[in-house]
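A short worksheet on the structure shown next.
The values are calculated or read from the model by the stated rules, or taken from the named source; none is laboratory data. Values in this document were obtained by computation on a predicted structure and should not be read as measured data. Reconstructed Cβ throughout: ideal geometry from the backbone, glycine too, with neighbour counts over all protein chains shown.
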Amino acid sequence: MIVSVIGLGYIGLPTAAVLASNEIKVIGVDVNQQTIDTINSGRIHIIEPGLDVLVSEAVKKGYLKAVIKPQKADIFMIAVPTPLGNGNKPDLSYVKSAAKAIAPVLEKGNLVILESTSPVGTTEKLTMWMRDERSDISFPEFGNNNFLADIAVAHCPERVLPGKVLRELIENNRIIGGISDNCARQAKDLYKIFVHADSLLTDSRTAELCKLVENSFRDVNIAFANELSLISDKLGVNVWNLIKLANQHPRVNILQPGPGVGGHCIAVDPWFISDSAPNESKLIQTARLVNDNKPNFVIDKINKSVKAIGRNRSDIKIVCLGLSFKPDIDDLRESPALEIALKIRLMGFSELMLVEPNISNIPSELKHESVRLSSFEKAIKASDIVVLLVDHTPFKSIDLNELSGKQIIDTRGTWS
Ligand code: SAJ
C-alpha cells in the first residue's frame with residue numbers, strides 16, 4: 001500500500017512520518033522545493049519534539065520520500081492550509097489546488113481523505129473539484145449510501161496540539177466523516193494502522209463542524225476568562241484568585257485569561273462557522289471580538305503605568321517578556337504578544353527590550369533602533385515597566401523582590 005500525503009507542514013509531515021514508522025510506504029507532496037530537499041535529506045523544516053528523529057529514520061529506511069508532483073498511490077491524505085481570506089472568509093484555494101493536482105493520477109479503488117480544518121461542505125466541494133477533472137471515474141454523492149463509487153472521499157480533521165503532535169496523533173480519538181458510510185469505513189481502516197484510540201464514524205458535514213466546534217468551544221471559554229479579567233480589573237479584584245476560587249465548584253472550570261488568543265487554529269476556526277451561519281453564531285462571533293480586543297486592554301494598562309511613573313515615554317524603558325503565541329514554543333503565528341510588542345514599538349519608549357528564550361533574532365517587523373533582544377535578568381534590572389506576555393517556564397522562577405519599584409503588567413497571572 002502506498003499513501004500519499006499532500007502538504008508537508010505542521011500536520012502533513014508528522015502524519016507522513018508516523019505512517020512511515022509503521023512501515024507504510026509514504027510519498028509526501030509539497031509545492032516548496034526547499035521543503036522537499038530538506039525532507040529527502042532526512043531533516044525537517046518545522047519545530048516539533050521528536051519529529052526530526054522520526055523523519056530521519058523514515059527517509060533512511062526508504063519508507064518516506066518527498067516529491068513536488070503527485071504520483072499514483074492507494075490513499076491520498078490532504079493536509080494543506082485553509083487560512084482566513086479577506087473579510088474573515090475561508091480561503092479554500094489550497095484544497096482546490098490539491099484536488100486538481102491529484103485528480104490526474106487517481107485510479108479506481110483510491111481513497112481521498114481531507115485532514116485540513118475546513119468549513120462545512122468542503123469535502124463535498126473537494127469531491128466536485130476532482131469529479132470536474134475526471135469524468136471517466138465515479139465519485140461518491142453525499143448522503144447516497146447505496147451508490148458504490150470508484151473513489152472514496154472522507155474528512156478526518158486533525159486535532160493535535162502543537163508541541164505534542166506525535167503523541168496526540170496516536171492517542172487522540174479520531175472523528176471520521178464520509179461522503180458516504182462506505183467512504184468513512186474505508187478511511188477507518190487506514191487510521192487503525194497508527195491510532196491507538198477510537199475512530200468514530202459520521203458523515204463529512206458533521207466531522208467538519210465537529211472540528212470547528214471544538215476550537216470554538218475553547219475560544220468562547222477563553223473569551224469568558226478574558227471578559228472576567230476586564231470586569232475584575234474594573235472592580236479591583238484579582239482575577240487569578242477569583243478563577244481559582246470559582247473553580248472549586250464541582251461544575252465550574254473557567255480557563256485562564258491572557259493577552260489574547262493566538263495560533264492559527266483557535267483564532268481562525270470560529271470564523272468558518274460564522275461565515276456559514278452568520279445570524280446563528282452571535283456568541284461565537286462575540287467571543288472572537290472579545291479575544292481580539294484583549295491586546296488593546298494591555299496597551300491601556302501600559303499607558304496607565306506611564307502616567308503612574310510620571311515621566312515622558314522617551315525617558316522610560318519597557319520590557320516585553322515572551323513573543324510566541326503560547327508558552328515554551330517558538331511559534332509567533334497570530335501571536336497576541338507579537339501584536340502587543342509591535343504596538344509598544346510605535347509608542348516612543350526610550351528602549352523596548354524583548355525577552356524571548358525560544359528565538360535568536362528579532363522578528364523583522366519589530367526591528368528598530370530602540371528595540372533589542374535581551375536576557376531575562378538584564379532586561380528586568382534595566383526596565384521601568386515589565387509586561388509579561390507569555391508564561392514561558394524561565395519567567396516563573398524570578399525572585400519577586402527584583403520586580404519591586406517597577407510597573408508590572410502580568411497578562412498571564414504568572415506572578416500573581
Ligand atoms: N489560551 C488562553 N487561555 C487558556 C488557554 C489557551 O489564553 O486558558 C490561549 C493560548 O495562550 C494561545 C491560544 O489560546 O494563544 C490557543 O492555544 P491552545 O493551546 O489552546 O490551542 P492551539 O491553538 O495550540 O491548538 C488547538 C487545539 N484545540 C483544542 O484544544 C480544542 C488542538 O487540539 C487543535 O488540533 C489545534 O487547535 C488545531 O490544529 O486546530
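Out of contact with any strand residue (DSSP E or B) (no Cβ under 9 Å at 6 or more places or on another chain), touching a residue at least 24 places away in the same chain (Cβ under 8 Å) and among the acidic types (Asp, Glu): which single residue out of 171, 208 fits that description?
Answer to the check: 171.
Quick check on my filter: what residues within the range 231-245 are closer than 26 Å to residue 285 by Cβ and within 14 Å of the ligand (Cβ to nearest atom)?
Answer for the range 231-245, where residues must be closer than 26 Å to residue 285 by Cβ and within 14 Å of the ligand (Cβ to nearest atom): 239, 243.
Determine which member of the set 68, 24 is β-branched (Val, Ile, Thr), in contact (Cβ under 8 Å) with a residue 12 or more places away in the chain and closer than 24 Å to residue 160 by Cα.
Checking each option against the conditions leaves just 24.
Can you tell me which residues in the range 326-373 are under 19 Å from residue 305 (Cβ atoms) and assigned to a loop (DSSP other than H, G, I, E, B)?
If the condition is that a residue be under 19 Å from residue 305 (Cβ atoms) and assigned to a loop (DSSP other than H, G, I, E, B), then 346, 347, 348, 349, 350, 370 are the ones that fit.
Given the options 188, 164, name the one that is charged (D, E, K, R) and more than 16 Å from the ligand (Cβ to nearest atom).
Going through 188, 164 in turn, just one is charged (D, E, K, R) and more than 16 Å from the ligand (Cβ to nearest atom): 188.
Working carefully through the options 214, 227, find the one that is charged (D, E, K, R) and within 11 Å of the ligand (Cβ to nearest atom).
214
Is it the case that the range 388-398 has a residue that's on the phi < 0 side of the Ramachandran plot, within 16 Å of the ligand (Cβ to nearest atom), modelled with pLDDT of 95 or more and of a type in the set (Phe, Trp, Tyr)?
So far as the range 388-398 goes, yes, one or more of its residues are on the phi < 0 side of the Ramachandran plot, within 16 Å of the ligand (Cβ to nearest atom), modelled with pLDDT of 95 or more and of a type in the set (Phe, Trp, Tyr).
Return yes when residue 222 is of a type in the set (A, V, I, L, M) and under 18 Å from residue 326 (Cα atoms) and no when it is not.
yes
When you check residue 204 against the structure, is it more than 16 Å from the ligand (Cβ to nearest atom), in contact with a His (Cβ under 8 Å, 6 or more places away or on another chain) and of a type outside the set (Val, Ile, Thr), yes or no?
Yes.
Can you say whether residue 344 is more than 16 Å from the ligand (Cβ to nearest atom), within 22 Å of the chain's Cα centre (by Cα) and surrounded by 12 or more Cβ atoms within 10 Å (Cβ to Cβ), as far as the supplied structure shows?
Criteria not met by residue 344.
Keeping to the range 148-161, report how many residues are away from the ligand (no atom under 16 Å from the Cβ), touching a helix residue (DSSP H, G or I) at 6+ places or on another chain (Cβ under 9 Å) and either basic (Lys, Arg) or in a loop (DSSP other than H, G, I, E, B) (or both).
3
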